[in-house]
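Since every read-out is calculated from the coordinates, none of them should be taken as a lab result. Small disclaimer: the values here were computed from a predicted structure and weren't measured. Ideal geometry is used to build each Cβ from the backbone, glycine not excepted, and the neighbour counts take in all protein chains shown.
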Amino acid sequence: MKDVTVDKLMDDLRVVVGDAEELLKATAGQANDKVAAVRARAQASVDQAKVRMAALGDQVTLQSRQTAKVTDEYVHQNPWQSIGVAAGVGLVLGILLGRK
């Protein structure tokens, strides 16, 4: 569930950054000092958001790889327990899906 939330947040941020970049391009011809100051702040915010999104993406990738590695090691060290857990999860899902 956490991964879905992070993925959704990343997608939303990409859309916002894309929209902000389009707005900055559309107002590029404005010569007003106030508009130029707002554009500069917006551009700095967009650049900062891109850096943070890249860092968050790297962190999520690293966490996913670490989780997969730990899970793989656990399954190899405890194969029968892993089979039991998988069977239990399958049974619960079967019961829940069979209720429809």
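Within segment 47-97, the residues that satisfy the criterion of being touching a helix residue (DSSP H, G or I) at 6+ places or on another chain (Cβ under 6 Å) and farther than 30 Å from L13 by Cβ are V75, S82.
Can you find even one residue in segment 51-64 that is part of a helix (DSSP H, G or I), without any contact (Cβ under 8 Å) to a residue 12 or more places away in the chain and among the hydroxyl-bearing types (S, T, Y)? Yes, because at least one residue in segment 51-64 is part of a helix (DSSP H, G or I), without any contact (Cβ under 8 Å) to a residue 12 or more places away in the chain and among the hydroxyl-bearing types (S, T, Y).
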